[in-house]
Amino acid sequence: MKQMTTDSLQNVSSLVEILQYRAQQHPDKRIYTFLENGETEYNHLTFAEFDKRAKAVGAFLQSAELQGERALLLYHSGLDYIIAFMGCLYAGVVAVPAYPPKLNRNLLRLQNIVKDAQARVVLTTSTIISKFEPVIAQTPDLSELHWLTTDVINTALAKRWQDPGITKDTLAFLQYTSGSVGIPKGVMVSHGNLLHNEKLMQTAFGLNGDTVAVGWLPIYHDMGLMSKVLQALYMGSTYVFMSPVDFLQKPYRWLKAISDYKGTLGGAPNFAYELCVNKVTEEQKATLDLTSWRTAFNGAEPVRYETMERFVAAFETAGFRREAFYPCYGMAEATLMLTGGAVSAAPVYKQFSAQALEKDTVAAGDAHGKSHVLVGCGHSWPEHQIVIADPETLMRCPANKVGEIWAFGPSIAQGYWNNPEATQKTFRAYLADSGEGPFLRTGDLGFTHDGELYVTGRLKDLIIIRGANHYPQDIEQTVEQCHQAIRPGCCAAFALDIDGNECLGIVAEVERQYRPRGAQNQSSQEDGALEEIYTAIREAVFRDHELQVHEILLLKPASIPKTSSGKIQRHACRNGLLDGTLAAERGIANG
């Protein structure tokens with residue numbers, strides 16, 4: 001193993017070397033602590049224990065001659081997941097993070113991943129195998145794999161581990177995209193990509209060995225894996241975490257853990273902050289001390305100015321500072337993070353003309369026209385570059401135009417596994433006017449202003465009606481705020497092709513207390529309540545966007561299609577509306 005110091009991590013080739021170093025220098029320092037039910041310490045790992053258990057898993061996989069093969073990881077959130085992932089890296093096995101099936105609900109996605117990755121084995125726990133054995137037996141793609149339980153591996157095997165000869169070019173894992181706009185694809189992340197992006201986040205967030213991260217993000221998702229689990233290893237710091245389910249059931253648990261453990265780093269998509277504002281009570285707020293929270297990053301979905309303002313207003317009495325908010329931008333294809341601002345500065349936001357944005361033009365908002373407040377997502381970092389390109393001509397956009405965000409740098413992944421056509425299209429773009437490249441085409445729309453990146457939406461989700469551009473997240477925000485019955489973060493706006501004309505369709509979940517209860521003598525009253533919601537949606541969308549809604553469908557709670565990372569699947573929502581497969585409430589569906 002190479003000799004190194006904490007200031008010379010750029011000399012290492014992999015996280016395997018870093019963990020061995022941490023285990024030697026700080027064997028008894030606790031790196032991970034898992035909270036059962038989001039509240040009670042269930043178990044933890046020191047650096048020495050982590051190294052030993054990961055080596056044992058690695059040696060076990062080496063004995064099965066799996067180096068270079070793909071291993072599917074099926075675990076619930078917890079230490080077993082992290083140990084198995086690191087065990088794959090120790091063995092030179094390509095990890096494929098995923099999550100256990102839920103009684104056939106996500107089997108199709110799992111089967112697609114197994115086929116695409118050409119996985120040979122599944123790593124999991126004995127508990128998960130026993131619980132899902134009937135499902136596994138009835139699913140050919142899963143039953144044909146070798147299922148290995150890592151929770152019963154004897155740590156004495158660690159002595160048999162052999163260095164697999166990893167370099168920065170070695171493939172570390174396949175991060176399957178969430179599938180918000182299509183079939184999931186396996187992003188090929190090398191050890192070099194991992195190290196570059198961890199270094200980027202360390203610099204951008206201002207992290208060090210004393211950082212205490214507290215979170216709940218899924219480990220199988222790039223944000224949870226990269227920004228929390230692996231960043232703690234990279235920096236030699238501490239990560240306290242709970243399962244996503246425990247957070248979603250009671251958002252207070254996340255904030256209470258930050259308060260109790262004096263967390264300095266915590267982050268999540270925008271919806272999580274909105275959930276905290278809506279669900280944490282005044283009595284619960286009185287128990288919180290958030291003064292230690294230095295960096296609250298916000299990314300992975302549109303960052304909303306209104307959400308940040310509401311969160312600051314709700315929790316500043318508990319010590320939360322506006323400057324702690326850190327809007328950022330990234331994606332799995334870039335390993336994770338691409339842009340962010342100065343960690344000590346308050347978030348940047350500006351008002352832009354809504355009418356100009358509809359025409360892909362950037363202009364300042366004014367008192368005489370409709371304005372749209374956008375939050376800046378920072379700038380690119382050393383060795384990385386962001387350009388705005390016309391998605392049709394592939395030429396660099398002028399400063400006052402909205403275009404597709406293209407990215408370049410050592411954090412950009414190697415491409416899509418077993419998909420050279422998609423790799424060429426997405427990862428090998430060149431500017432037509434200068435020949436610069438290759439760039440990653442992100443599929444996101446945006447622009448730069450005063451050195452700050454502003455993200456306006458997804459290229460494939462853009463709604464064009466009567467020649468004007470409308471971003472679905474803007475319409476969704478209008479719908480969510482128009483009536484208290486609409487569940488936050490559970491709305492989708494999309495285009496419908498009606499007789500050759502593009503029209504607007506909307507689906508939205510309704511809070512439980514507003515749902516019809518099925519009593520016959522209440523049907524007229526309940527249908528009236530639903531009609532009130534429909535009317536509120538139509539009026540708000542016309543008022544704010546000058547659009548007529550062609551069709552509205554109100555859904556039962558927890559029924560709107562989402563990706564594994566919690567993003568709304570607008571295409572699935574549109575298809576479900578058209579084919580009648582969504583779990584709709586009783587009442588009028590036409591807008």
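Read the figures in this text as sums done on the coordinates, not as results from a lab. What you see is a predicted model, and the numbers here were worked out from it, not measured in a lab. With ideal geometry, Cβ positions are generated from the backbone for all residues, glycine too; neighbour counts draw on all protein chains shown.
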remark   = Placing each pseudo-label 7 Å from Cα in the direction of the beta carbon, N154 and A422 end up separated by a distance in nanometres of 4.3
task = Would you mind ranking R458, R160 by Cβ crowding within 10 Å, fewest neighbours first?
result = R160, R458
note = The aspartates and glutamates whose Cα lies under 18 Å from the Cα of K115, excluding any fewer than 8 residues away in the same chain, are E69, D141, E144, E421
remark   = Non-local residues with an amide H under 5 Å from the amide H of N469, with H modelled 1.01 Å from N and Pro and chain starts lacking one, are K359, D360
remark   = Expected vector for segment 445-457, Karplus 3J(HN,Hα) from phi with 6.51, -1.76, 1.60 and θ = phi - 60°, integer Hz, x for Gly and Pro, equals 9, x, 7, 10, 8, 6, x, 10, 8, 10, 9, 9, x
Segment 46-129: trypsin sites (Lys or Arg not before Pro) in DSSP coil with no more than 12 other Cβ atoms inside 10 Å = K102, R105
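Just the number, please: percent antiparallel of the DSSP beta bridges in the chain, rounded to the nearest 5.
About 60 percent, rounded to the nearest 5.
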task = Sort 309-315, 237-243 for me by packing, meaning the mean count of neighbouring Cβ atoms within 10 Å per residue, highest on top.
result = 237-243, 309-315
key: 0 to 90° range, to nearest 10: angle between helix 107-117 axis and the chain longest Cα axis   = 50
request  = Check the straight Cα-Cα distances from K159 and name the lysines below 27 Å, setting aside those fewer than 8 residues away within the same chain.
outcome  = K2, K29, K52, K55, K168
key: Burial ranking of peptide ranges 394-400, 442-448, 380-386 (average Cβ count within 10 Å, highest at the top)   = 442-448, 380-386, 394-400
ask   = Listing D360, D579, D433 from the residue with the fewest other Cβ atoms within 10 Å to the one with the most, what is the order?
value = D579, D433, D360
message = Just want the ordering: L577, L225, from fewest to most Cβ atoms lying within 10 Å of their own Cβ.
response = L577, L225
Using a Förster distance of 30 Å, the FRET efficiency for A432-K279 (Cβ separation, nearest 0.05) = 0.05
ask   = How do 547-556, 164-173 rank on mean C-beta neighbours within 10 Å, highest first?
value = 547-556, 164-173
